[in-house]
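Single-structure report; data block below.
No value in this document is a laboratory result; all are computed from the given coordinates. Quick caveat: nothing in here was measured; it's all calculated off a predicted structure. Because the Cβ atoms are built from the backbone with ideal geometry, glycine has one as well, and the counts that use them run over all protein chains shown.
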Amino acid sequence: MKILIVDDNQIVLTTTIKSFQICAKIIAERLGIKSIPIAGASSGAQAIRMAARRRYELIVMDVMMPNMDGYETTKRILKQNRNSTVVAAYTCAEMSMIQDKAYAAGMATILLKPLCSAQILELLESIYSAMY
């Protein structure tokens, strides 16, 4: 089981990965598994390349990125992965502003920046408890 975090802002990407690592360690211990690897991508194109080489159970996708936004990136990843990946929209925009577009792109849920540990744990538990 693997997680990919996608954000064009390097500071946000780094802090989000660290937050997910802390929470993933808790979930892994609860499930009795060794670890949950977490990777980062700083663009939609990089995320697509990474998802083509490795299957991620969860992708946390910034929706507002230059060149290729998170919506288009999600569509392309889900097309190549045949919808076997859960993609969570990750944004600081108001939910009502992105909800329709996020769900139309195939995103399963919407996370608002900044995330707290409780939100991350809830997301990880919902995904991984169904797997184990």
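Tabulated data
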quantity	calculated
Angle between the chain longest axis and helix 44-53 axis [Cα atoms, degrees, rounded to 10]	50
Backbone N within region 2-18 under 16 Å of label point (7 Å from Ser35 Cα along the Cβ vector)	2-5, 17-18
Cα→Cβ-extended label distance, 7 Å offset, between Gln119 and Gln46, nm	2.2
Fewest-first ranking of Cys23, Cys92, using other Cβ atoms within 10 Å as the exposure measure	Cys92, Cys23
In degrees, nearest ten, helix 95-105 long axis to first principal axis of the chain (Cα)	90
Out-of-range pairs (alpha-carbon distance over 20 Å; input Lys2/Lys79; Lys18/Lys79; Lys34/Lys75; Lys18/Lys113; Lys2/Lys34; Lys18/Lys101)	Lys18/Lys79; Lys34/Lys75; Lys18/Lys101
Angle between the chain longest axis and helix 70-81 axis [Cα atoms, degrees, rounded to 10]	60
Relative contact order of region 3-128, pairs being alpha-carbon contacts under 8 Å that are 6 or more residues apart, as %	25
